[in-house]
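S.K.: Next up is a structure, given as structure tokens.
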Amino acid sequence: MQLIDDLIDQVSLFQEDQKIIIHKYRDDNFQQRENATFLMLCRNSELIDVLETIQSVQDRYNNKFNYDYTFLNDKPFDNEFIYLVSSFIPFGSINFGSIPEDHWRVPDFINRNKLLANLNQSNDTMLYGDSLSYRQMCRFYSGFFYKHELVNQYQYYWRLEPGIKIFCDIDYDVFKFMKENDKLYGFTLTMFEYERTIPTLWKNFQEYLKLHYNKQSQQLLKLVTNPISNTYNLCHFWTNFEIAKLSIYQNSEYENYFKFLDSKGGFFYERWGDAPIHSLGVSIVVEEPHQLHWFGDIGYYHQPYVQCPLKNQVFINNKCSCNPDDDFSFTDLSCTSHFLNVINGIEDNSV
């Protein structure tokens, strides 16, 4: 562990079997920050893409605010990964953790033969269709990430992915914005799900609602419902970017919702993504439309899509380096206009 030992002069280090925490001392008032972290699920082999993400986030935002980072992996992080990632982050706590086996492995109730058959059938018909690890990742992000001990110590998280880019300066504290404005879930890009990945999801979601959903207000169900056919409109938040309060998952309502869907086996027998699972969950857990927020001023890229501010003054003030002509937000493949109409209380029959 010599590389990590070389950091001891500037940090305090805590190490257990499944976690390493490196704390780099801040020279300002830690109490001014919200209890929040960046969160990334990644692997040792993705080191360069991870460094690219960190550099982008630091340059555009976090060099001003020095929030913590939390990195999770289904395998232990190696020495080189920990050392190089830590060298890119000047202040704050940097958490490295392994995912508990029972949060990652295929659960015992899944029929292995049925799973294998679906993996083979999906090989050429859908993106990541033959990837077991992708399905494990989607299930983990749907029902377990917020339980991890390195994550549940925080109130807010900003989800990152290896290789993403931030194209605009962010000069305000997004976590303070969330808290002060009673926001629970923030997003950038939205889109339609591939229907062949979720053939039974809506049916099972409707079954759950009939058995367990008894709220008077059902306004946010409009996010995900086709008003004409009363079926899933396939809209979802693209969850590789989320800024959210962890309490939307850490409650019995979301837990019961996830366990019900998980028991149907769709993460493995089909290829349910965490994006529709989160989006359907938000539609029943979040109480009010104003508690959702579109971060349209950030300038975000995750291959192959870009969210780029279209207002000239925002583009100039935030020193954005994306091309507004590439913005995905209001294309025919995006649900952003529909989501904003629901959030703003505008009658919308577009999906």
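Throughout, read-outs are computed from the coordinates displayed, never taken from laboratory work. The structure displayed is predicted, hence computed values, not measured ones. Backbone-built Cβ (ideal geometry, glycine too); neighbour counts: all protein chains shown.
S.K.: Could you give the size of the charge dipole of the stretch 48-196 about its Cα centre, using +1 on the Cβ of each K and R and -1 on the Cβ of each D and E, expressed in debye and rounded to the nearest 20? Don't skip to the end; give the middle numbers.
M.R.: Values: 15 positive and 21 negative charges, 73 e Å.
My answer is approximately 360 debye.
S.K.: A further question on this structure: Step through the residues of the stretch 38-49 one at a time and calculate ³J(HN,Hα) from phi using the Karplus curve (6.51 cos²θ - 1.76 cosθ + 1.60, θ = phi - 60°), rounding each to whole Hz and writing x for Gly and Pro.
M.R.: These are the phi-based 3J(HN,Hα) values: 6, 10, 9, 9, 7, 10, 4, 5, 9, 3, 5, 5 Hz.
S.K.: I need the calculated FRET efficiency for the pair residue 79 and residue 127, taking r as the beta carbon distance and R₀ as 41 Å, to the nearest 0.05.
M.R.: For residue 79 and residue 127, the calculated efficiency is 0.80.
S.K.: Label-point separation (nm) for residue 256 and residue 192, each offset 7 Å from Cα along Cα-to-Cβ?
M.R.: 3.4 nm
S.K.: Could you give me the ³J(HN,Hα) list for the stretch 336-344, computed from phi with Karplus coefficients 6.51, -1.76, 1.60 and θ = phi - 60°, whole Hz, x at Gly and Pro?
M.R.: 4, 4, 4, 4, 5, 5, 5, 4, 8
S.K.: Would the stretch 279-351 count as rounded, prolate or oblate if I go by the C-alpha gyration tensor, calling it rounded below 1.5 in a/c and otherwise prolate when a/b exceeds b/c, oblate otherwise?
M.R.: Prolate, since a/c reaches 1.5 and a/b exceeds b/c.
S.K.: Using +1 at the C-beta of Lys and Arg and -1 at the C-beta of Asp and Glu, which of 118, 158, 100 has the Cα lying farthest in the positive direction of the dipole of the stretch 56-189?
M.R.: About the Cα centre, the residue reaching furthest to the positive side is 118.
S.K.: What does the helix-only formula give at 222 nm for the chain: each DSSP H stretch with n ≥ 4 adding -39500 (n - 2.57), the total divided by the residues, and the result rounded to the nearest 500 deg cm²/dmol?
M.R.: -8500 deg cm²/dmol
S.K.: Something else about it: How big is the equivalent ellipsoid of the stretch 181-320 along its three axes, where each semi-axis is √(5λ) from the Cα gyration tensor, reported in whole Å from largest to smallest?
M.R.: Square roots of five times the eigenvalues give 28, 18, 14 Å.
S.K.: What does DSSP give for the chain in terms of the percent of beta bridges that are antiparallel, rounded to the nearest 5?
M.R.: Antiparallel bridges: around 60 percent, rounded to the nearest 5.
S.K.: Mind running the shape call on the chain? Use the C-alpha gyration tensor, a ≥ b ≥ c as the square roots of the eigenvalues: rounded below 1.5 for a/c, prolate if a/b tops b/c, oblate otherwise.
M.R.: Taking the square roots of the gyration eigenvalues as a ≥ b ≥ c, the chain is oblate.
S.K.: Here is a further query. ³J(HN,Hα) across the stretch 239-253 via Karplus (A = 6.51, B = -1.76, C = 1.60, θ = phi - 60°), whole Hz, x for Gly/Pro?
M.R.: Couplings: 7, 5, 10, 8, 10, 8, 8, 5, 5, 5, 9, 8, 8, 5, 5 Hz.
S.K.: With charges only on Cβ, +1 for K and R and -1 for D and E, what is the dipole size of the chain about its Cα centre, in debye, rounded to 20?
M.R.: Its charge dipole is roughly 840 debye.
S.K.: Provide the gained length on full extension for the span residue 49 to residue 212, in nm with one decimal, where the gain is 0.36 nm per separating residue minus the Cα-Cα distance.
M.R.: Working: separation 163, 0.36 × 163 = 58.68 nm, distance 4.18 nm.
That works out to 54.5 nm of additional length.
S.K.: Something else: Less than 16 Å apart at the alpha-carbon level, and either on another chain or at least 8 residues along: which lysines does that give for residue 75?
M.R.: Straight-distance partners of residue 75: 19.
S.K.: Follow-up. State, to one decimal in nm, how far the label point of residue 182 lies from the label point of residue 290, with both points 7 Å from Cα in the Cβ direction.
M.R.: Between residue 182 and residue 290, the simple spin-label model gives 0.6 nm.
S.K.: Continuing with the same structure: Picking from 229, 247, 98, which is most flexible by a Gaussian network model of the chain using Cα springs under 10 Å?
M.R.: 229
S.K.: I've got another one for you. Give the lysines reachable from residue 264 as a straight Cα distance under 18 Å; neighbours fewer than 8 places away on the same chain don't count.
M.R.: Within reach: 114, 203, 210.
S.K.: At 0.36 nm per residue, and after removing the present C-alpha to C-alpha distance, how many nm does the segment from residue 26 to residue 110 gain when stretched out fully?
M.R.: 25.5 nm
S.K.: Is there a pair in 183/311; 147/245; 179/245 whose C-alpha atoms are over 18 Å apart, and which pairs would that be?
M.R.: Those over the limit are 183/311.
S.K.: Full extension from residue 59 to residue 228: what is 0.36 nm times the residue separation minus their Cα-Cα distance, to one decimal in nm?
M.R.: Length gained, residue 59 through residue 228: 56.3 nm.
S.K.: Give me the net charge for the shell around residue 253: Cβ to Cβ below 12 angstrom, other residues only, Lys and Arg +1, Asp and Glu -1.
M.R.: So the environment of residue 253 carries a net charge of 0.
S.K.: Can you tell me which lysines have their Cα less than 18 Å from the Cα of residue 64? Leave out same-chain residues fewer than eight positions away.
M.R.: 24, 165, 176, 319
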